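Notes follow the structure.
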Amino acid sequence: MKLITLLAASISLLPVAAMAESKGTVEGIHHWVSESEVNALKVITDKLASKGYTWQDSAVGGLSGANALQALRTRLAAGNPPTTMQFLGYEGLDWAKEGVLRSLNDLYAKNGWDKALAPQLLAFVKSDDTFISLPINMHRQNWVWANKAVFDKAGIAEPKSWDELIAAGDKLKAAGVVPLAIGDEPWQILEVFEAIVTDVNGTEFYKKAVIDLDEAALSSDQMVDAFDKLRKVRGLVDNGFTGRDWAVATGMVASGKAGMQIMGDWAKGEFLAKGMKPGEDFLCFPTPAATPNFKFIIDAFGVFNNDDPAVIAAQEAWAESIMDPEVQKNFNKIKGSIPARSDVSVEDFDACAKRSFADREAAVASGNMVGGLTEGFAAPPQFSGVFSDVVGKFFVTDMSSKDAVQALVDGINNAR
């Protein structure tokens, strides 16, 4: 009798959505596998559950989403697409051209979502006149994350140039601390290189070389100098960087084993998940630029064509969950990013997010807001892949800067 009473009491504490029969299942392929990413995703799936739907998680981590994208290709080839898929950069636009994505025009028109998005985002959530994905956030890519205690002990202030950053790294090395935590994955290295290219040479050069793929810019002395500076940064990395995941690198900074990491603001979510506070336990500042710039990326989800009314209803519940202002607010507090919706206040976000929000506004006004190359918001995959391959090889070999530039030019021309 006592057991029956306890069971009844436990059931009474279950959420209504959990007790009710599910209206259906939403399966999503994504690459969020770190602690903070998993916790952030739960904000969306909890909202979905409140609408009566069950989330089926199909996470595929690794290679900045490349493994998840391969999983999607396999599923589509088998005629078995998931309900939804996380997209970065040109991925959603490419799948729209394949004709496999459902138009979201009706939902955008009904809810006025387009009015809440910055113009720079529309280029990646809209294919011609058709809305094809739903953005949950905006990440800033060009951040430095530092352990405050380590910086304070070494007497290091926020670097104002890459030469100062490298000099700070030399100080950390002399103090017995790993200056820069990073892995040997090409995308992690490309994060650093593209920041150097933009910070040292300016956004106009970045636009010519990376977005327009102008051969004169690609083969210029400025590009050679960027590789020279990357070689100096290589000297700040420890010998154990082979096979290191980005979140492990963040953990090195959090523990004080390393002084800093150059990574998008998803790294902040890892610090927050460990109970650390910006300004007290860790520092956040943009990679040092002569002219401040903002490198953006967004995480967005598309849904696939389906004739089943039940699946369509589930897709709409998922879409409304993602674009819910309160969901965007709470998701981004955990993820480390800022809301994709510009009408969601960041007043009660942390100092790093507020700085990101203010810098975004300034960069939009000055024309210095540009898409990040590494995650696919500057050049189509066939070209960004060349950058990734050349920069990654340069970092782990003794390739010269001039040879790297020539390999970059040749690779881009072959991919045209």
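The values are calculated or read from the model by the stated rules, or taken from the named source; none is laboratory data. Computed from a prediction, not measured in an experiment: that's the story for all the values here. Heads up, the Cβs are rebuilt from the backbone with ideal geometry, glycines too, and the neighbour counts pull from every protein chain shown.
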Log entry, pairs with first residue in region 62-84 being within 18 Å of Glu375 (Cβ to Cβ), second being among the acidic types (Asp, Glu) and in a helix (DSSP H, G or I), beta carbons closer than 9 Å, six or more apart or on different chains, reads Gly65/Glu91; Leu69/Glu91; Leu72/Glu91
Residue pairs meeting the criteria (Cβ under 7 Å; at least 6 apart or on separate chains; first modelled with pLDDT of 95 or more, in region 158-183; second among the acidic types (Asp, Glu)):
Trp162/Asp199; Val178/Asp238; Gly183/Asp245
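From the list Asp324, Asp308, Asp348, pick out the single residue that is acidic (Asp, Glu), in the same structural domain as Leu41 (by TED's automatic domain parsing) and either surrounded by 18 or more Cβ atoms within 10 Å (Cβ to Cβ) or touching a Ser or Thr at 6+ places or on another chain (Cβ under 9 Å) (or both). Explain how you work it out, then say what you get.
Working: Asp308 fails: either surrounded by 18 or more Cβ atoms within 10 Å (Cβ to Cβ) or touching a Ser or Thr at 6+ places or on another chain (Cβ under 9 Å) (or both); Asp348 fails: either surrounded by 18 or more Cβ atoms within 10 Å (Cβ to Cβ) or touching a Ser or Thr at 6+ places or on another chain (Cβ under 9 Å) (or both).
Residue meeting the stated conditions: Asp324.
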Being among the β-branched types (Val, Ile, Thr) and more than 22 Å from Glu375 (Cβ to Cβ) narrows it down to one residue among Val311, Val346, Val303; which is it?
Val311
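Is it true that Lys274 is surrounded by fewer than 23 Cβ atoms within 10 Å (Cβ to Cβ) and either in contact with a Ser or Thr (Cβ under 7 Å, 6 or more places away or on another chain) or not assigned by TED's automatic domain parsing to the domain that holds Val125 (or both)?
Numbers: surrounded by fewer than 23 Cβ atoms within 10 Å (Cβ to Cβ): yes; either in contact with a Ser or Thr (Cβ under 7 Å, 6 or more places away or on another chain) or not assigned by TED's automatic domain parsing to the domain that holds Val125 (or both): yes.
Yes; evaluated as a whole, the condition is true for this residue.
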Go through region 329-368 and give me each residue that's not in a helix (DSSP H, G or I) and not charged (D, E, K, R).
Gly336, Ser337, Ile338, Pro339, Ala340, Ser342, Val344, Ser345, Val346, Phe349, Gly367, Asn368
Please find, among Asp129, Asp114, the residue that is outside the structural domain of Phe282 (by TED's automatic domain parsing), without any contact (Cβ under 8 Å) to a residue 60 or more places away in the chain and in contact with a Leu (Cβ under 8 Å, 6 or more places away or on another chain).
Asp114
Would you pick out the residues in region 96-133 that are over 17 Å from Gln315 (Cα atoms) and surrounded by 17 or more Cβ atoms within 10 Å (Cβ to Cβ)?
Ala116, Leu117, Ala118, Gln120, Leu121, Phe124, Lys126, Ser127
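Could you tell me which of the residues Val327, Val364, Val344 is at pLDDT 95 or above and either more than 25 Å from Lys47 (Cα to Cα) or not basic (Lys, Arg) (or both)?
Details: Val364 fails: at pLDDT 95 or above; Val344 fails: at pLDDT 95 or above.
The unique qualifying residue is Val327.
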For region 60-77: of the residues being at pLDDT below 90 and not in a helix (DSSP H, G or I), which is surrounded by the fewest Cβ atoms within 10 Å (Cβ to Cβ)?
Gly62
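Does Thr54 satisfy the condition of being without any contact (Cβ under 8 Å) to a residue 40 or more places away in the chain and in a strand (DSSP E or B)? Let's see the steps before the verdict.
Numbers: without any contact (Cβ under 8 Å) to a residue 40 or more places away in the chain: yes; in a strand (DSSP E or B): yes.
Spelling it out, Thr54 is indeed without any contact (Cβ under 8 Å) to a residue 40 or more places away in the chain and in a strand (DSSP E or B).
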Can you tell me which residue is nearest to Leu236 (Cα to Cα) among those in region 264-287 that are touching a Phe, Trp or Tyr at 6+ places or on another chain (Cβ under 6 Å) and in a loop (DSSP other than H, G, I, E, B)?
Asp265
